[in-house]
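Down below is the structure, laid out as structure tokens.
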Amino acid sequence: MKKTLVPLALALGFAGAAQAQLSLYGLIDASYGKSIYADMLGQKADFHSGGDNGSSEGNSVTRFGLKGSTDVGSGIKMNFKLESNGIQSDGSINAPFFQRQAWLGASGSFGEVRLGRQDSVPFQTMVDFDFNGASNGVSALAYSGVGPWLRGRQSRSLQYISPTVGGLSGQAGFVPKGNRGPGAKDVISLGAKYAGGPLAAAVSYQSKDASGAKDFASIAGSYDLGMAKFMVGYSDGGKIASGGSGKGPSLGVNVPVAGFNIGAHYAENSDSDAKIKAYEFWINKEVLKSTYAYFEAGSSKTSLPPVEGEKTKFNGYAVGVIYVF
């Protein structure tokens, strides 16, 4: 993302902070359509900000953030990030305010350590295998429940990210059971990824966070032929009847054509309590500097016997513009 840098000494008036820098960044997603979630609620298509319906509309979450990095000596930098929740069409911000990111960390030749609210290790490790950026509204990988990047943000999370050596990097996380209530469990998460030339591959694992939940594991790989990039993934979040999210494969392809990205995802949750098949299609292009136009559509359908009067298939679509700053 493009960054506007402001010396922290000027922003806060601190003497001796000349090497510290503060960045304001963000993204605005403006679209027309309705998400798969909106279809489940029986809503009609409308104009949307990427923060509407609990940040389920459009492709990306409209938000802004502050991040900073300071050289504190001995080859170490102190870093932080505070990122707002989704901004809705009426200008309000979903609560809590800094729900997306709120962490402090340190980095150097040893890698990076972070503490606070941040994306889970499975998400950070696996999200690059979602070629449509984990779409809010139509993600086949999310609405099927088998995306290899599934497992959301975590509060009070301590994470370590290793340096990349020969294309290989690793990540580990820990969230204590602390005061999360009866049945809470310490959460341990691990991730490893490799990227070299046209090939990329990754694996992730996260232990259950409560006695009634299940562990999560995923694996994915991609190969870029130049004319097209392909992805295959698999995740296992445990039996739904036992507190899990199901299991199944995911496939993806993205084809660059004359500056456009054209692609599709397919995912299938084979759990006997879900039996979901989900599809997603997109086309997008950078039309101006830091400005992207897109169209996307998707559907999610279960083959379970329908409850009388209820739908088994839900559709969503959006046409929009994303401006990144």
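Taking a straight Cα-Cα cut-off under 17 Å and skipping sequence neighbours fewer than 8 places away in the same chain, the aspartates and glutamates within cross-link reach of K193 are E112, D119, D128, D130, D224. For the chain, the 222 nm mean residue ellipticity estimated from helices alone, with every DSSP H stretch of n ≥ 4 adding -39500 (n - 2.57) and the total spread over all residues, rounds to -1500 deg cm²/dmol.
What does the extension gain come out to for K185 and N79, with contour length at 0.36 nm per residue minus their alpha carbon separation?
Working: separation 106, 0.36 × 106 = 38.16 nm, distance 2.86 nm.
Roughly 35.3 nm would be gained on extension.
Across the options G248, A134, S155, the greatest Cα extent toward the positive end of the charge dipole of the chain (unit charges at beta carbon of Lys, Arg, Asp, Glu) belongs to S155. Please find, in a Gaussian network model of the chain (springs between Cα atoms separated by less than 10 Å), the residue of S74, S135, S270 whose mean-square fluctuation is greatest. Among S74, S135, S270, the largest GNM mean-square fluctuation belongs to S74. Ranking S290, P122, G51 by how far each Cα lies toward the positive end of the dipole of the chain (charges on Cβ) leaves P122 at the top. Mean projection of the Cα convex hull over all viewing directions, computed for region 4-324: 18.4 nm². Grab the beta carbon distance between V257 and T164, set R0 = 25 Å, and tell me the FRET efficiency rounded to 0.05. Using R0 = 25 Å, I get an efficiency of 0.20. Stretched out straight at 0.36 nm per residue, the stretch from F325 to S155 would grow longer than its current Cα-Cα span by 58.6 nm.
Of K247/K277; K34/K247; K34/K285; K34/K311; K67/K289, which pairs sit farther than 19 Å apart, going by alpha carbon to alpha carbon?
Numbers: K247/K277 12 Å; K34/K247 27 Å; K34/K285 21 Å; K34/K311 17 Å; K67/K289 22 Å.
Checking Cα-Cα distances, K34/K247; K34/K285; K67/K289 exceed 19 Å.
Sorted on the mean count of surrounding Cβ atoms within 10 Å across their residues, most packed first, peptides 59-71, 88-100 read 59-71, 88-100.
The charge dipole of the chain, taken about its Cα centre with unit charges on the Cβ of Lys, Arg, Asp and Glu (plus for the first two, minus for the last two), comes to roughly 540 debye.
Report the trypsin sites (Lys or Arg not before Pro) located in region 159-238 that are in a DSSP loop and have at most 14 other Cβ atoms inside 10 Å of their Cβ, or state none. Working shown, then result.
Values: sites: K177, R180, K185, K193, K208, K214, K229; in loops: K177, R180, K185, K208, K214.
Loop-located and lightly packed - K177.
For the chain, the relative contact order is 15 percent, taking Cα pairs closer than 8 Å that sit 6 or more residues apart in sequence and dividing their mean separation by the residue count.
R0 = 56 Å: FRET efficiency of K239 with D71, Cβ-based, nearest 0.05? Don't skip to the end; give the middle numbers.
Values: r = 49 Å, r/R0 = 0.88.
It comes out at approximately 0.70.
Extension gain, E310 to F97: 0.36 nm times the residue separation minus the Cα-Cα distance gives 73.2 nm.
None of the figures in this text is laboratory data; all of them are computed from the coordinates on show. Given the structure is predicted, the values throughout are model-derived calculations rather than measurements. So basically every Cβ, Gly included, is an ideal-geometry build from the backbone, and we count neighbours across all protein chains shown.
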